[in-house]
Amino acid sequence: MSTSTPLPPEALDDWLAALAARLGLDPADIPVGTLLDVARDVAHNVARPAAPLSTFLVGLAAARNGGTATDIDRAAALATELALAWPTDRPEATR
């Protein structure tokens, strides 16, 4: 369990702006809300560790399919659809 103090929301903005700059991306092209929604749905319906990996896969799929906002939205929708349909009768050890 982390003992760090939660950071204010603007810390996320600062981090994303810095990382986007380092990666040569425009921060305006990052659909933060969409990616956080995917992460939430995967974490709650599949497994917490699957959330960051799933957002990576959404980005990878979007990039390979053109990299537009529409491609990101499409990949995010597919990930969310799968997460929300993920069987709830799986043993807890695999969730």
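Every read-out reported here was derived from the displayed coordinates using simple, explicitly stated rules and does not represent laboratory data. This structure is a prediction, so every number in the text was calculated from the model and none was measured. Cβ placement follows ideal geometry from the backbone for every residue including glycine, while neighbour counts extend to all protein chains displayed.
Temperature 10 °C, viscosity 1.306 mPa s: under these conditions the Stokes-Einstein estimate for the chain, based on its Kirkwood radius over C-alpha pairs, is 109 µm² per second. Helices of the chain meeting both criteria, an alpha-carbon length of 27 angstrom or more along the long axis and an average Kyte-Doolittle score not below 0.5, with helices taken as full DSSP H segments, do not occur.
Computed packing ranks the peptides 32-40, 15-23 as 32-40, 15-23, most packed first, by mean other Cβ atoms within 10 Å.
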